[in-house]
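The values are calculated or read from the model by the stated rules, or taken from the named source; none is laboratory data. This is a predicted model, so every value here is computed, not measured. As a convention, Cβ positions derive from the backbone with ideal geometry for all residues, glycine included, and neighbour counts pool all protein chains shown. In case anyone asks, the SASA skips ligands and DNA or RNA and just uses the protein heavy atoms, side chains included. Shrake-Rupley method; radii C 1.70, N 1.55, O 1.52, S 1.80 Å.
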Amino acid sequence: MIRFENVSVTYDGTAQPAVHGVDFEVPEGELVLLVGPSGVGKSTILGAVSGLVPHFTGGTLHGRVTVAGRDTRTHKPRELADVVGTVGQDPLSHFVTDTVEDELAYGMESLGLPPDVMRRRVEETLDLLGLADLRDRSIATLSGGQQQRVAIGSVLTPHPRVLVLDEPTSALDPAAAEEVLAVLQRLVHDLGTTVLMAEHRLERVVQYADQVALLPGPGERPWLGTPPEVMAVSPVHPPVVALGRLAGWSPLPLTVRDARRRAGGLRDRLAGHEPPPAGTGTAPAPSAAGKRRFGRTKASDTAAPVAEVRSLAVRRDRVQALQGVDLTVTPGETIALMGRNGAGKSTLLGALVGLVTPSSGSVRTGGAVPHRTRPRDLVRRVGLVPQEPRDLLYADTVAAECAAADRDAEAPPGTCRALLTELLPSVADGTHPRDLSEGQRLTLALAVVLTARPPLLLLDEPTRGLDYAAKSRLVAILRGLAAEGHAIVMATHDVELAAELAHRVVLLAEGEVIADGPSAEVVVASPSFAPQVAKILAPRPWLTVSQVREALTP
């Protein structure tokens, strides 16, 4: 169904090809997972299938890509629209209408399908993706995860023979991700749809793949194999595979169920050990350079809370987004806000940084009322890295963004650039932010916010678009900040990140706090939000592979 024949893509102004020697075939009715570290060209390969590369992106494509017999060099994206449905990393870029139902119907209208067919398919898709209650909602009022489901639904309704998905579950809560993946599996198994997908959260998807295409590094040829074959050698792999490697299991398990069946011996080896408290993994002591970059926050020298929320209620667009929320954040504490898409996590972050005005109740951040404080004064009290990092990025180059961040924060020149280099060493000064991957843009936005050394750092889905290596670097940076006294509150669907980093988990549902306590207690008690290691080694409260490795190391 999809054939790559010695494909290389070189973008204008770059000396090296983004991908080189891509030569493999995706059979009809199979789900093929594209994996590899950030920056190896996964999005380029996906774009070549839909014709976006090179027709919209520019650059030069050598070799040949065919989809259902159509050559993408001679067929532009609109001439492939009846065959290929594409969902990119940024759902907002897909939308052309205002409401959920209109968006689901738009693609079929463009193809001229009869109204009765359109109506039936819209209803089917609303049910498949759990969107029926949102059908009349304005897309602009939806959470990031809800928008992601609408974007996926909009390409499902025309019933394409090929689906191309770039990070389809990155903004979804665990339950919604399972629903979407179950739909994809049904399309593959029952309707013979061909799916090519790139996804960093392999713990969610690898068990569903028929084959895995591994891109080991920039410009290297991909290697196609079965999931067990590829995971045995892949530099990126989910926690269940990492635990299997650590325990010496062969063949490696790909699912929690397989791992639990083999975990008896590992549980025995861990019987005399106690896991350390969540969020207390080893972090390097701040260097002199690190102290100059971050500084010691005033909050770290006092026990006073850096943020207090009391009886907070927020109503947005006739929706009760938050109701009766109480939250206290102390210096050095890392809190994970978790819950379904639309539970109110982003709204709570917005209230803490002054972007959302309470309907009732109170919010204080560093002694200030956020929505009544000037942004230039608030920036040294609290900083937010939003779901859409481009909202913070305005300059034409990475260097200009960093220089502006230094000026706004009144920080020494080079502060932002040094932090960015530690987080993401490969980004060049002259790169335009729009040419960065989603994960790279997020990392740049994080560096911009951290330049002001705010005592309270807010992160909205901070690992969206990050591979495991970049996530590990982010965890090390955030642990270092927490050790220096910075408080961190992150809204996340990444249960593995919460297990690795958070001291506390606050679980939201329908705008209310339904659980608030130590990470191990909250996530282990929740089947939806428990990390893979916790599920495998239950009932003992082990959360991460690093905890197990530390216990087994003499």
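Each residue was assigned an accessible area with a 1.4 Å probe, and for residue 471 the value is about 20 Å².
On C-alpha positions alone, give me the angle between the axis of helix 144-156 and the longest principal axis of the chain, in degrees, nearest 10. Taking the Cα atoms of the chain, the angle to 144-156 is about 0 degrees.
FRET efficiency for residue 372 and residue 5, Cβ-Cβ distance as r, R0 = 56 Å, nearest 0.05? Could the numbers behind the result be given before it?
Numbers: r = 61 Å, r/R0 = 1.10.
The pair residue 372/residue 5 has a calculated efficiency of 0.35.
Only Lys, Arg, Asp and Glu carry charge here, each on its Cβ (+1 for the first two, -1 for the last two); on that basis the chain has a dipole of about 1380 debye about its Cα centre. Distance between the modelled labels on residue 432 and residue 175, one decimal in nanometres: 4.2 nm (7 Å Cα→Cβ projection). The sum of -39500 (n - 2.57) across all DSSP H runs of n ≥ 4, divided by the residue count of the chain, sets its helix-only mean residue ellipticity at 222 nm to -10000 deg cm²/dmol.
Among 512, 167, the sequence by solvent-accessible area, most first, with a 1.4 Å probe is 512, 167.
A 1.4 Å probe, protein heavy atoms only, puts the accessible area of residue 5 near 60 Å². Taking every protein chain into account, the accessible area of the chain amounts to 41 square angstrom per residue (probe 1.4 Å). Across segment 407-415, rounded Karplus estimates of 3J(HN,Hα) from the backbone phi angles (6.51 cos²θ - 1.76 cosθ + 1.60, θ = phi - 60°) give 5, 4, 8, 6, 9, x, x, x, 4 Hz, Gly and Pro being marked x. Looking at the chain, the DSSP beta bridges with both ends there are about 50 percent antiparallel.
With the biggest extent put first, the Cα atoms of the chain measure 67, 54, 47 Å across the principal axes. The equivalent ellipsoid of segment 314-444 has semi-axes of 30, 17, 14 Å, largest first, where each one is the square root of 5 times an eigenvalue of the Cα gyration tensor. Taking only protein heavy atoms and a 1.4 Å probe, the accessible area of the chain is 50% carbon and sulfur.
Positive-end ranking of 34, 60, 483 along the dipole of the chain, with charges on Cβ about the Cα centre, is headed by 483.
Under 5 Å between amide hydrogens, built in the peptide plane, is the criterion, and for residue 516 it picks out 507 among residues at least 5 positions away or on other chains. Largest first, the three principal axis extents of the alpha carbons in segment 401-463 are 27, 26, 18 Å in whole numbers.
Compute the long axis of helix 174-191 from its Cα atoms, compare it with the longest principal axis of the Cα atoms of the chain, and write down the angle in degrees, 0 to 90, nearest 10. Once rounded, one gets 10 degrees. Among 415, 115, 353, whose Cα sits farthest toward the positive end of the charge dipole of the chain (+1 at Cβ of Lys/Arg, -1 at Cβ of Asp/Glu, about the Cα centre)? Ranked along the dipole, the leading option is 415.
All alpha carbon pair distances within segment 73-169 were sorted into 5 Å bins beginning at 0; the resulting P(r) in whole percents reads 2, 14, 26, 26, 19, 9, 2, 1, 0.
In this calculation the C-beta distance from residue 516 to residue 133 is compared with R0 = 22 Å, giving a FRET efficiency of 0.25.
Here each label is just a point 7 Å from Cα along the line to Cβ, and for residue 359 and residue 71 those points are 6.0 nm apart. Measuring with a 1.4 angstrom probe and ignoring ligands and nucleic acids, residue 56 comes out at about 150 Å² accessible. Derived scalar couplings between HN and Hα for segment 246-254 equal 5, 7, x, 6, 8, x, 5, x, 10 Hz in order, rounded to whole Hz, by the Karplus curve 6.51 cos²θ - 1.76 cosθ + 1.60 (θ = phi - 60°), x for Gly and Pro. Prolate is the label for segment 1-152, because a/c, from the alpha-carbon gyration tensor with a ≥ b ≥ c as root eigenvalues, is 1.5 or above and a/b exceeds b/c.
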